[in-house]
Amino acid sequence: MTATEPTARRVLRPATGYRLAGSVRPLIFSPYDPCARIVAGAFWWATRTPQGPATLTLRPSAGDLLAEGYGPGADWVVERADAVAGLRDDLTGFADLAAAHPVVARLAREHRGLRMPATGLLFPRILRAVLEQKVTGKEAYRAYSATVRHFREPAPGPVPLLLPPEPAAIAASPYWVFHPFGVEQRRADTLRRAAAVADRLERCADAAEATRRLTAVPGIGAWTAAEVVRVAYGDPDAVSVGDYHVPNTVAWALAGEPRGDDARMLALLEPFRGHRGRVCVLLEAAGIQAPRYGPRAPLRSFARY
């Protein structure tokens, strides 16, 4: 086998109506994500596994989903391909909960092919979530892309992707390395602290344990932990408390209120306990947004400070 040939392969059989692009969307930061992208309808994802670097591709094929892996970790990513695609997502009980609210019922029907992925890997998501703390999406993506490219390591396979940085490399870097990427010392130090304990975090048995360990890291709170476990474990109940937009979106969609705080958001989501995060995913997939008042947050560059 050459570097451009898969070393592991598996055929997956998703349910009728399954939507690959929508399901794996949380794994792609932007169309220019250096670690993941969709090319000609196929999803490509580069990551580090317990068995080494790997690239996974998921390609629709006559109603099936062809999973192929490249690199030393090929067997690991292919064995987990169904979870990455969201095919292990458990919707038990959600239909009954959704039926209680007309908006949620409609979204569940319209987006029934959407599934929540579960990568089984925490640190790549920690990297992204920490860099997203309290900044605009554009600022976060610029910092993420610059960080990945700084620690540049090509991923195996035929598509030019980069691997997420090694936690050890980030932990060993002084905070000022991240300054030119637009990352101030607070986020840089949080990222470095999380990287230093990445091995222990990766050994968490479930989302609850991961949440406890993540929030014990200074600088990581409920919002960051939820962003991580929703994707690493496919946790359908993880709610990003402390988000700038989500409380308003939930209040607007479920109660017709243009503004809401975390307490109001959690009260409105309570009837969907067990799937509260799934409701938020459906609202995002539908593009529902609360009315905006005032200007957008400005883009900043900490690199100039």
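Share of segment 5-105's accessible area from carbon and sulfur, percent, 1.4 Å?
Details: 2480 of 4550 Å².
Carbon with sulfur: 54 percent of the solvent-accessible area.
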## Note on the structure
Ranked by GNM mean-square fluctuation in the chain (Cα springs under 10 Å), the top entry among THR136, THR147, THR211 is THR136
### Query
With every protein chain left in place, what is the accessible area of LEU12 in Å² (1.4 Å probe, nearest 10)?
10 Å²
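Expected output is a single nm value to one decimal: the length gained when fully extending between HIS245 and GLU110, i.e. 0.36 nm times separation in residues minus the C-alpha distance. What is it? Write out the running numbers ahead of the final one.
Details: separation 135, 0.36 × 135 = 48.60 nm, distance 2.28 nm.
Gain on extension, HIS245 to GLU110, equals 46.3 nm.
Can you list the trypsin sites (Lys or Arg not before Pro) in segment 162-205 that are in a DSSP coil and have 15 or fewer other beta carbons within 10 angstrom? Please report the intermediate quantities before stating the final value.
Details: sites: ARG186, ARG187, ARG192, ARG193, ARG200, ARG203; in loops: ARG203.
Counting only loop positions with at most 15 other Cβ atoms within 10 Å, the trypsin sites (Lys or Arg not before Pro) in segment 162-205 are ARG203.
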### Task
With springs connecting C-alpha atoms under 10 Å apart, model the chain as a Gaussian network and identify which of GLY63, GLY71, GLY157 has the largest mean-square fluctuation.
GLY63
### Query
Going toward the positive end of the dipole of segment 98-189, with +1 on Lys and Arg Cβ and -1 on Asp and Glu Cβ, which of HIS111, VAL159, GLN185 do you reach last?
HIS111
### For the chain, with +1 on Lys and Arg beta carbons and -1 on Asp and Glu, the positive-most of ASN248, MET265, PHE94 along the dipole
ASN248
### Query
So, in nm, how far is label ARG149 from label ARG186 when the simple model puts each one 7 Å beyond its Cα toward the Cβ?
2.7 nm
### Query
With the dipole of the chain worked out from charges on the C-beta (+1 for Lys and Arg, -1 for Asp and Glu) around the Cα centre, which of GLN289, THR16, LEU127 lies farthest toward the positive end?
GLN289
### Message
Can you give the local net charge around GLY234? Use residues other than it whose beta-carbon is closer than 9 angstrom to its beta-carbon, Lys and Arg +1, Asp and Glu -1.
### Response
0
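Excluding ligands, DNA and RNA, what is the solvent-accessible area per residue of the chain at a probe of 1.4 Å, expressed in Å²? Intermediate results must be reported in sequence, preceding the final value.
Working: 14290 Å² over 305 residues.
For the chain, the per-residue accessible area is 47 Å².
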### Task
Would you work out the charge dipole size for the chain about its Cα centre, treating the Cβ of every Lys and Arg as +1 and the Cβ of every Asp and Glu as -1, and quote it to the nearest 20 debye?
640 debye
#### Entry: ILE288, ILE126, reordered so the largest accessible area comes first (probe 1.4 Å)
ILE288, ILE126
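What Kirkwood Rh does the chain have if only Cα atoms enter the pairwise 1/r average? Answer in Å. Can you show the working numbers first?
Details: mean 1/r = 0.0500 Å⁻¹.
Taking every pair of different Cα atoms in the chain, averaging 1/r and inverting gives 20.0 Å.
Accessible area, 1.4 Å probe, largest first: how do GLU202, GLU132 sort? Walk me through the intermediate numbers first.
Working: GLU202 65, GLU132 40 Å².
Correct descending sequence by accessible area is GLU202, GLU132.
Quick one: plug the Kirkwood hydrodynamic radius of segment 245-286 (C-alpha pairs) into Stokes-Einstein at 20 °C, 1.002 mPa s, and report D in µm²/s. Could the numbers behind the result be given before it?
Numbers: Rh = 9.9 Å.
Here the translational diffusion coefficient equals 216 µm²/s.
Between GLU257 and ALA99, what FRET efficiency follows from the Cβ-Cβ distance if R0 is 30 Å, with the result rounded to 0.05?
Numbers: r = 22 Å, r/R0 = 0.74.
The formula returns an efficiency of 0.85 here.
With a 1.4 Å probe and every protein chain kept in, tell me what percent of the accessible surface of segment 146-295 is carbon plus sulfur.
55 percent
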## Note on the structure
From DSSP H assignment alone, runs of 4+ in the chain each adding -39500 (n - 2.57), the sum over residues rounded to the nearest 500 puts [θ] at 222 nm at -11000 deg cm²/dmol
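The values are calculated or read from the model by the stated rules, or taken from the named source; none is laboratory data. Keep in mind the model is a prediction, meaning the values are calculated, not measured. Heads up, the Cβs are rebuilt from the backbone with ideal geometry, glycines too, and the neighbour counts pull from every protein chain shown. Areas reflect the complete protein model, heavy atoms only, side chains present, ligands, DNA and RNA absent. Shrake-Rupley method; radii C 1.70, N 1.55, O 1.52, S 1.80 Å.
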